[in-house]
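Read through the structure below, which is laid out as structure tokens, and then see the notes.
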Amino acid sequence: MPSCLLPAAHAEGHRILTVEGLAAGTDLHPIQAAFMETGAIQCGYCTPGMLLATKSLLDKESTPDLEQARQALSAVLCRCTGYVKPVEAVLRAAAVLRGDPVPPLNEPPGGLSPLFDHPFEPPAPGIGGGAAGVETGLRLATKPEVRTEPPTTVVGAPKQKVDALRLAKGHAAFTDDFTLPGMLYAALLTSPHAHARIRRIDASRARALPGVHAVLTYQDLPRVLFAPGCQSYPNPKPYDQVSLDSKVRHVGDKVAVVAAETPEIARQALGLIEVDYEILSAVFEAEDALKENAPVIHDEPDAIGIKDASHNLVVTITANIGDVEQGLRESAHVFERTYRLQQVQQTPIEPHVCITYWDEDERLVVRTGTQAPFHMRRVLAPVLGLPVGRIRIIKPRMGGGFGGKMDVILEDLCAHLTIKTGRPVRCEFDREQEFTTTRSRHPAAITYRAGVDQDGNLGALEMTVLENTGAYGVQGMTVVNLIGMRGLSTYRCPNIRFDSKVAYTNLPVPSAFRGFGGPLPLPKHSLRLEGGIHQPAGPVGLPRLRGSAGPIRHGMHDGRDRRRTWAEPSRFPYAECYPGGRRDVHHGPAWRGRPGGPNRPQQPAARVCGTGRRGHRLGTGCRSGLETRPVPSEHPPRSGHVPVDARHCHPRPGHGRSDHQNER
């Protein structure tokens, strides 16, 4: 049974096993070794639960099948692995414990067969020499594709995760695996209203409660406007937020914070704070927020860099190449489609948690699971009134982030409490606060207009975006900018226009979400553009991706475009790759009409290869079915090396990292 569901009193008289007790000393239990060898450990936050669930299964069943392995792990929530590798680790550990030989997983990089050279078939029973009819290895391990280049020893070779050992053994790795003597516990009072002004706030009863060391409201902190999104220097505007304000702009907005001897006392103190709200009209849709007479969300006179606060307009971005209107007039067919992105929370398994304290050099230490530690230090310095050199950010392992831990969210309040009390302070959000007070994806309406001639040649392409940035600007400008960049840079077209607006509403605040601009950096926008062109293609008689014909011909071919690039024509044989890719991913009429969607394959794609792309502050590896060899660099290629931008700490293994598997 999961330990989180078992009251401690019910465990009396029973033996309790934790991940630290799986193996003695420096030895590894076969289960721990199997998880390390198969790459089943990613962020590591759920790894102890998976290891113990596996131990429970294998204590009862020495020859588990695939379904039993899946069922054993089903109660352990995981946002990183997709469970494929952990299931493989369970079966491998079972084989080792039975004494069966198991094949090595870290094979050399040269001479390998593609992952799916033939239509997918389930793994044969007895892999690895197990008992008859028992699978001991889920042979879906990703392998490099066949290469004609000389074999390499590092690039392209499987490597074990550098911190897999400490994660497998349950050593301290995360923010909350750390405690200090004299530590206080913080609790946050948030707004129950979407839009309101604080007429009166009285914290005297809370301050008088025994065990309470500090209560902070907007009356106790200097008003320092800042942009909490940890981005490039200087932080993009607007500067529209303070640590605590006299006005709340969304449900979950911050009202007061308490530091006490225990979490229970801190929560009790929150109930003693008296707040008198003047409830204001609220608006939740971007279209409504831009209308005349809509409630003004940011009416404070000192906000910096808002385009038009009186109409809730944060920023506009426009870009033009050529003449889109003329291109549309000259097109034989004009297609228009609008797509809507919904607000989705990243839901990392590890909630936001922060610990602040003064170190022996009287530096303020902020221990937090941030994705941008150096940017965070720079953003916090003016807010706290400290020079950058007196702030140290420690970024331990993160139990998932997916963009949701890019901003200053609770770190400034936790630091203010340490400055006030002189004591270490720990603050952790509960799951409700994760949804109301942290971050999510930006809702947006994205409209494409595309003009094509009778042969399917793009003559004009227009993208219009209306983005909802919630109650504060944060990364609204950055995200909408990258929506345009990624949504329009995939295809060659002589006439392109981008028009975008970002609006305030009274929704909880969106920010980065797994690649700025959407759930995935490139495929999302390609999907929308492909959908806008291909959906009506049949009725008007345009070619529908036959061979190398059709709208796909407009892809960025060999770099000979107005955009400065160093892609070599000989290494990016787009026209030659597309027919093979189309065949391998079964992209054709056979898909249409199948249950589950018109274009959903029933088998995995063949030759899952990678297309690298380097953009502003983000290196993106985009899986596709095409065997392409682009050179993703803004500098000339040198000796086959590809530069990887790894200035940010991405929480999703395999995305934006400069490890060996991503260097090629």
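The values are calculated or read from the model by the stated rules, or taken from the named source; none is laboratory data. It should be emphasised that the depicted structure is a prediction, and the values quoted were computed from it without experimental measurement. So basically every Cβ, Gly included, is an ideal-geometry build from the backbone, and we count neighbours across all protein chains shown. In case anyone asks, the SASA skips ligands and DNA or RNA and just uses the protein heavy atoms, side chains included. Shrake-Rupley method; radii C 1.70, N 1.55, O 1.52, S 1.80 Å.
Okay, here's what the table says:
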{"item": "For segment 26-37, 3J(HN,Hα) per residue [Karplus equation, 6.51 cos²θ - 1.76 cosθ + 1.60, θ = phi - 60°, Hz, x = Gly/Pro]", "result": "8, 6, 10, 6, x, 5, 4, 4, 5, 5, 6, 5"}
{"item": "Protein accessible area in segment 322-464, 1.4 Å probe - carbon and sulfur %", "result": "46 percent"}
{"item": "Amide H contacts under 5 Å for His213, placed H, 5+ residues apart", "result": "Ala259, Ala260, Glu261"}
{"item": "Residues with amide H under 5 Å from that of Ala460, placed H, sequence gap 5 or more", "result": "Gly451"}
{"item": "In sequence order, calculated HN-Hα J values of segment 363-372 (Karplus, 6.51, -1.76, 1.60; Hz; x Gly/Pro)", "result": "9, 7, 9, 10, 9, 7, x, 9, 8, 9"}
{"item": "In Å², nearest 10: area of Val465 left accessible to a 1.4 Å probe", "result": "0 Å²"}
{"item": "Vicinal HN-Hα couplings computed from phi for segment 447-463 (Karplus, 6.51 cos²θ - 1.76 cosθ + 1.60; Hz; Gly/Pro x)", "result": "10, 9, 10, 10, x, 10, 8, 5, 8, x, 7, 6, x, 7, 9, 10, 10"}
{"item": "At R0 = 51 Å, FRET efficiency that the Cβ-Cβ distance of Arg205 and Ile16 yields, to 0.05", "result": "0.80"}
{"item": "Amide H partners (placed H, <5 Å) of Val509, local residues excluded", "result": "Ala471"}
{"item": "Subset of Lys237/Lys291; Lys55/Lys395; Lys161/Lys395; Lys85/Lys405 violating a 21 Å alpha-carbon distance limit", "result": "Lys237/Lys291; Lys55/Lys395; Lys85/Lys405"}
{"item": "Span from the segment 354-412 Cα centroid across to the segment 259-312 one, whole angstrom", "result": "25 Å"}
{"item": "Glu428 - accessible surface, heavy atoms, 1.4 Å probe, Å² rounded to 10", "result": "70 Å²"}
{"item": "Relative packing of 265-274, 236-245, which averages over residues the other C-beta atoms within 10 Å, highest first", "result": "236-245, 265-274"}
{"item": "Where Glu360, Glu20, Glu300, Glu350 fall by accessible area, highest first, once all protein chains stay in place (1.4 Å)", "result": "Glu360, Glu20, Glu300, Glu350"}
{"item": "Which of His375, His14, His352 is most accessible, then next, and so on - probe 1.4 Å", "result": "His14, His375, His352"}
{"item": "Cα shape, segment 159-276, gyration tensor, a/c 1.5 rule", "result": "oblate"}
{"item": "By accessible area with a 1.4 Å probe, ligands and nucleic acids excluded, highest first: order of Ser440, Ser246, Ser3", "result": "Ser3, Ser246, Ser440"}
